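The values are calculated or read from the model by the stated rules, or taken from the named source; none is laboratory data. Values in this document were obtained by computation on a predicted structure and should not be read as measured data. When we count neighbours, we look across all protein chains shown, and the Cβ atoms used for this are built from the backbone with ideal geometry, even at glycine.
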Amino acid sequence: MQELSQKHLLGIKDLTADDIHLIFETADSFKEVINRPIKKVPSLRDITIANVFFENSTRTKLSFELAEKRLSADIINFSSSNSSVKKGETLLDTVNNILAMKVDMVVMRHASPGAPHFLSKHIDANIVNAGDGTHEHPTQALLDTFSIREKLGDVQGKKVLIVGDILHSRVALSNIFALQKLGAEVKVCGPKTLLPKYIETLGVQVELDLKKALNWCDVANVLRIQLERQQIKYFPSLREYSLFYGVNKALLDGLDKEIVVMHPGPINRGVELNSDVADSDHAIILDQVENGVAIRMAVLYLLAGKGAG
């Protein structure tokens, strides 16, 4: 079996293009599995995986759980909202207690950037970063890029636009890394207040005019406005944001070409994306959800092959 170059999946930054291609090829075969009448394989039946979520998550957590069950792994679910973390227990103590139960892999979401990296230096289990603060969300970027490959045949040479709240988005950073490693051109678009000052140092173009940006791209990945991460106001109102940066059918109909529309979910309908686009043939949002399970199965399977230690 081919192996990943990494023992953990902490971020896309650490992966090589070969790693990403290997994950995609593995996901292709798992996609066949999840479309069969019997959707399970015994690949990880001797592996125990702990899902350790210090931040609320519905879709990512469900997607990982489903991937783990499809691979026949044993699962422990841990949520900090009803745990000893509230009593002051440290991250390391929490995870060491989980590991004392003989866990092989930890899927972790945490509000602090770098938390999974910290953990990987202190414990033996394989770590999968399911989102760390505003830093990275590697499996989301892998499923997004995989969905582009599936829809357009290849990622190389494609023009991909990321629209919206880039500043607070871990999805944006991981997507930029993944797309660039596979040879895509990346442009970002949004209000200046929601674009990080360092963005151009990542080799990304900036366009403030949404219509121009959409005319340039083959694929538009529209991000959610992350109001829960915004301590101050970055734009006057949601209505005004929607007016300048919301993607609607009239805007798409006015373009010179057809483009593919993506969204990592959950959608603020009527803000960054109108229902007439989200539910249209332009959108591959539900394909992304299906591909998320196959990609997460591939990541868990390949990391289990690397073994602990």
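Looking only at segment 245-292, count how many residues are among the acidic types (D, E) and within 22 Å of N215 (Cβ to Cβ). Reasoning before the result, please.
Residues of segment 245-292 that are among the acidic types (D, E), as a first pass: 253, 256, 258, 272, 276, 279, 281, 287, 290.
Okay, now just the ones that are also within 22 Å of N215 (Cβ to Cβ), so 253, 256, 258, 272, 276, 281.
Residues that pass the stated criteria total 6.
Criterion first (surrounded by 18 or more Cβ atoms within 10 Å (Cβ to Cβ), charged (D, E, K, R) and over 17 Å from the mean Cα position of the chain (by Cα)) does K181 satisfy it? Before you say what the answer is, go through the steps one by one.
Numbers: surrounded by 18 or more Cβ atoms within 10 Å (Cβ to Cβ): yes; charged (D, E, K, R): yes; over 17 Å from the mean Cα position of the chain (by Cα): no.
In short, no.
Residues are listed down the side, and each one gets a yes or a no for (1) more than 16 Å from the chain's Cα centre (by Cα); (2) small (G, A, S); (3) farther than 20 Å from H282 by Cα; (4) not assigned by TED's automatic domain parsing to the domain that holds V52:
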{"position": "M108", "(1), (2), (3), (4)": "no, no, yes, no"}
{"position": "D124", "(1), (2), (3), (4)": "yes, no, yes, no"}
{"position": "T145", "(1), (2), (3), (4)": "no, no, no, yes"}
{"position": "K159", "(1), (2), (3), (4)": "yes, no, no, yes"}
{"position": "L167", "(1), (2), (3), (4)": "no, no, yes, yes"}
{"position": "V186", "(1), (2), (3), (4)": "yes, no, no, yes"}
{"position": "P191", "(1), (2), (3), (4)": "yes, no, yes, yes"}
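Taking segment 224-272 only, how many residues are at pLDDT below 95 and aliphatic (A, V, I, L, M)?
Matching residues across segment 224-272 total 7.
Return a yes/no flag: does segment 91-99 have any residue that is surrounded by 17 or more Cβ atoms within 10 Å (Cβ to Cβ), over 14 Å from M297 (Cα atoms) and within 17 Å of the chain's Cα centre (by Cα).
No, segment 91-99 has no match at all.
With the requirement that a residue be at positive phi and touching a Ser or Thr at 6+ places or on another chain (Cβ under 6 Å), what does segment 115-159 give you? Show your work before the answer.
Filtering segment 115-159 for residues at positive phi gives 131, 133, 153, 157.
Residue satisfying the conditions is G133 alone.
Among the residues that make up segment 201-216, is at least one of them surrounded by fewer than 22 Cβ atoms within 10 Å (Cβ to Cβ), of a type in the set (K, R), farther than 20 Å from L152 by Cβ and assigned by TED's automatic domain parsing to the domain that holds Y245?
Of all residues in segment 201-216, those surrounded by fewer than 22 Cβ atoms within 10 Å (Cβ to Cβ) come to 201-212, 215-216.
Then drop every residue that is not of a type in the set (K, R), which leaves 211-212.
Filter once more, so that each one left must be farther than 20 Å from L152 by Cβ: 211-212.
If we keep only those that are assigned by TED's automatic domain parsing to the domain that holds Y245 as well, we get 211-212.
Yes, because at least one residue in segment 201-216 is surrounded by fewer than 22 Cβ atoms within 10 Å (Cβ to Cβ), of a type in the set (K, R), farther than 20 Å from L152 by Cβ and assigned by TED's automatic domain parsing to the domain that holds Y245.
Regarding L44, is this residue farther than 20 Å from G131 by Cβ, modelled with pLDDT of 95 or more, assigned to a loop (DSSP other than H, G, I, E, B) and not aromatic (F, W, Y)? Break it down into steps so the answer makes sense when it comes.
On the way: farther than 20 Å from G131 by Cβ: yes; modelled with pLDDT of 95 or more: yes; assigned to a loop (DSSP other than H, G, I, E, B): yes; not aromatic (F, W, Y): yes.
Taking the combined requirement at face value, the residue satisfies it.
Of the residues I49, I75, only one is surrounded by 21 or more Cβ atoms within 10 Å (Cβ to Cβ), under 21 Å from A294 (Cβ atoms) and in the same structural domain as V106 (by TED's automatic domain parsing); which? It would help to see each step written out before you state the result.
Values: I75 fails: surrounded by 21 or more Cβ atoms within 10 Å (Cβ to Cβ).
After ruling out the rest, the residue left standing is I49.
Go through (1) surrounded by 20 or more Cβ atoms within 10 Å (Cβ to Cβ); (2) within 24 Å of S169 (Cβ to Cβ) for E68 and report which single condition fails.
Going through the list (1) surrounded by 20 or more Cβ atoms within 10 Å (Cβ to Cβ); (2) within 24 Å of S169 (Cβ to Cβ), E68 breaks only (2).
Please go through (1) among the polar types (S, T, N, Q); (2) in contact with a Phe, Trp or Tyr (Cβ under 6 Å, 6 or more places away or on another chain); (3) surrounded by fewer than 13 Cβ atoms within 10 Å (Cβ to Cβ) for S80 and return the number of the only condition it doesn't satisfy.
(3)
Condition (residue is among the small types (G, A, S) and in contact with a Leu (Cβ under 9 Å, 6 or more places away or on another chain)) applied to segment 192-207: is it met by at least one residue?
Of the residues in segment 192-207, the ones among the small types (G, A, S) are 203.
Among the residues that remain, those that are also in contact with a Leu (Cβ under 9 Å, 6 or more places away or on another chain) are: none.
Within segment 192-207 (the criterion being among the small types (G, A, S) and in contact with a Leu (Cβ under 9 Å, 6 or more places away or on another chain)), the answer is no, since none of the residues qualifies.
Given the conditions (1) at pLDDT 95 or above; (2) of a type in the set (K, R); (3) outside the structural domain of I267 (by TED's automatic domain parsing), which single one is not true for K181?
(3)
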